[in-house]
Amino acid sequence: MPLFAVGINHKTAPVGIREKVAFEPSRVPEALLDLRAQTRVSEAAILSTCNRTEVVCCADQSSGDTIIDWFRHYHGLQPEDVNPYVYVHPEQFAVQHLMRVASGLDSLVLGEPQILGQLKDAYTTAKKAGTVGIMLNRLFQHTFSVAKQVRTDTAIGASPVSVAFAAVNLAKQIFGDFPSQSALMIGAGETIELAARHLHENGIGRLIIANRTVERAHALAAEFNGVAIALAEIPDHLAEVDIVISSTASTLPILGKGAVESALKARRHKPMLMVDIAVPRDIEPEVADLEDVYLYTVDDLREIIDENIRSRQEAAQQAEEIIDTQVAHFMTWQQSLGAVATIQSYRHWAERTRDVEVGKALRALARGEAPDAVLNEFARLITNKLTHVPTTRLRHSGADGQEDLLKIAHHLFDINDPEN
């Protein structure tokens with residue numbers, strides 16, 4: 001059955017539409033079974049994230065619109081709510097799309113690795129629901145292998161392209177050994193939360209969260225086994241930390257040159273990294289004049305990120321070449337499936353013919369007939385039965401002038417030209 005990828009993503013639909021067609025994780029197995037019951041879908045998997053909702057399936061050739069209708073009805077939406085935003089990728093385009101998604105080429109952030117894990121979860125869920133067969137099993141396994149090859153053979157995910165990740169990556173380059181370092185995060189917004197998560201995942205030794213609203217600081221610190229303090233307490237703890245990352249909405253600087261000078265004296269001029277992501281700035285520019293302080297602003301990080309984006313785009317071109325090759329390999333395998341049933345039928349017929357003639361030969365031997373005569377008769381009969389139909393068809397083809405069929409027979413039976 002043909003393959004289809006049907007869905008919407010961040011490129012085709014605004015977040016309001018994506019929210020309406022998202023699947024609750026707990027309801028995906030039920031949705032898969034409903035899809036198979038309501039349509040001509042034989043195999044299916046559903047990928048649903050904040051940026052995309054897609055159905056990957058094997059279905060009847062005419063099922064593209066049917067799948068869209070099911071998609072819409074399942075979420076109780078009207079055609080105008082879904083149809084302008086949905087895409088349908090058939091056959092090799094579905095294979096290419098899935099491989100691009102798994103490799104991070106279709107993501108909001110080029111090369112991001114999280115989507116591969118989400119795709120693996122979607123496959124596992126569908127397999128447990130019983131909606132994965134030979135085709136999708138091979139497709140997903142091939143796709144995971146391609147994504148791994150892209151990660152290994154290109155630099156698609158080697159360079160950070162978010163401000164938070166770039167800040168943490170910078171800290172890793174300077175300090176190296178995170179478990180022995182302490183970090184102070186000033187603010188509690190999304191960027192600080194992402195930076196704190198990256199630091200925690202990289203094994204930071206100690207994490208302090210400072211925020212104007214201490215309750216929010218406590219909530220964020222609890223996620224990462226950190227400590228929460230108020231902004232007013234920062235001078236008391238500044239000397240304890242090696243890394244400072246700040247991103248608040250303050251209109252005035254949070255950290256001045258004097259406070260940092262005092263902290264450096266208490267640290268005996270042990271170096272500090274300060275990353276000021278805020279606009280307006282949270283850290284006075286004069287802090288950069290102090291020895292033993294590495295101060296980076298959002299503009300400094302933006303230059304790093306822009307260069308990294310260019311690097312990822314170059315890697316993406318290499319990844320596309322890998323994917324094009326692997327799509328061709330998968331489609332060759334898929335096309336070979338059409339011959340499998342024919343091959344099996346032919347082999348079963350040949351084996352049944354053999355068994356019949358072997359039975360005759362054994363009975364002749366049991367009657368005491370000469371073994372050489374029995375063997376010759378067996379060889380004659382089995383040869384005649386195996387060649388009767390092909391030779392009859394070839395004779396008719398020759399009489400009808402079907403030269404193409406005769407050429408195919410030469411190739412099929414590996415027959416050398418008698419003139420050579």
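Only the coordinates and a few stated rules stand behind these numbers; no lab work does. Remember, it's a predicted structure, so these values are computed and weren't measured experimentally. In this analysis, Cβ positions are derived from the backbone assuming ideal geometry, glycine residues included, and neighbour counts consider all displayed protein chains.
Tabulated values for the structure
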{"quantity": "Hz values of 3J(HN,Hα) by residue in region 13-21 - Karplus curve (6.51, -1.76, 1.60), Gly and Pro given as x", "calculated": "9, x, 4, x, 6, 4, 5, 6, 10"}
{"quantity": "Gaussian network model of the chain, Cα within-10 Å springs - most flexible of Asp177, Asp282, Asp69", "calculated": "Asp177"}
{"quantity": "Gyration tensor verdict on region 163-305 (Cα atoms; rounded if a/c is under 1.5, prolate if a/b is larger than b/c, oblate otherwise)", "calculated": "rounded"}
{"quantity": "Residue-averaged [θ]222 nm for the chain, counting only DSSP H segments that reach four residues, each worth -39500 (n - 2.57)", "calculated": "-18500 deg cm²/dmol"}
{"quantity": "Built amide H within the under 5 Å cut-off of Leu207, gap 5+", "calculated": "Ala183, Val227"}
{"quantity": "³J(HN,Hα), Karplus 6.51/-1.76/1.60, whole Hz, each residue of region 177-184, x for Gly, Pro", "calculated": "8, 5, x, 9, 10, 10, 10, 10"}
{"quantity": "Built amide H within the under 5 Å cut-off of Val275, gap 5+", "calculated": "Val244, Ile245, Ser246, Tyr296"}
{"quantity": "Region 346-412, relative contact order in percent, only Cα pairs under 8 angstrom and at least six apart counted", "calculated": "25"}
{"quantity": "Mean separation of Cα contacts under 8 Å (6+ apart) over length of the chain, as relative contact order %", "calculated": "12"}
{"quantity": "Estimated D of region 3-158 in µm² per second, where Rh is the Kirkwood radius over Cα pairs and Stokes-Einstein applies at 37 °C, 0.692 mPa s", "calculated": "211"}
{"quantity": "Sparsely packed chymotrypsin sites (Phe, Trp or Tyr not before Pro) within region 334-420, loop by DSSP, other Cβ within 10 Å at most 15", "calculated": "Phe413"}
{"quantity": "Percent of beta bridges antiparallel (DSSP, the chain, rounded to nearest 5)", "calculated": "45"}
{"quantity": "Fluctuation leader among Gly16, Gly401, Gly133 - the chain, Gaussian network, Cα springs under 10 angstrom", "calculated": "Gly401"}
{"quantity": "Qualifying aspartates and glutamates (Cα of each under 19 Å from Cα of Lys407; at least 8 residues distant if same chain)", "calculated": "Asp417, Glu419"}
{"quantity": "At most 11 other Cβ within 10 Å, DSSP loop - GluC sites (Glu not before Pro), region 209-310", "calculated": "Glu291"}
{"quantity": "Cα-based equivalent ellipsoid of region 346-412: semi-axis lengths in Å, sorted from largest, via gyration tensor", "calculated": "33, 12, 8"}
{"quantity": "Two-site FRET efficiency, Gln344 against Arg27, from Cβ-Cβ distance with R₀ of 35 Å, rounded to 0.05", "calculated": "0.35"}
{"quantity": "Measure of compaction for the chain (Cα Rg per 2.2 N^0.38 Å)", "calculated": "1.53"}
{"quantity": "Kirkwood-Stokes translational diffusion coefficient of region 271-420, alpha-carbon pairs, 10 °C, 1.306 mPa s, µm²/s", "calculated": "66"}
{"quantity": "Residue among Arg354, Arg151, Arg72 with the largest mean-square fluctuation in a Gaussian network model of the chain, springs linking Cα atoms under 10 Å", "calculated": "Arg354"}
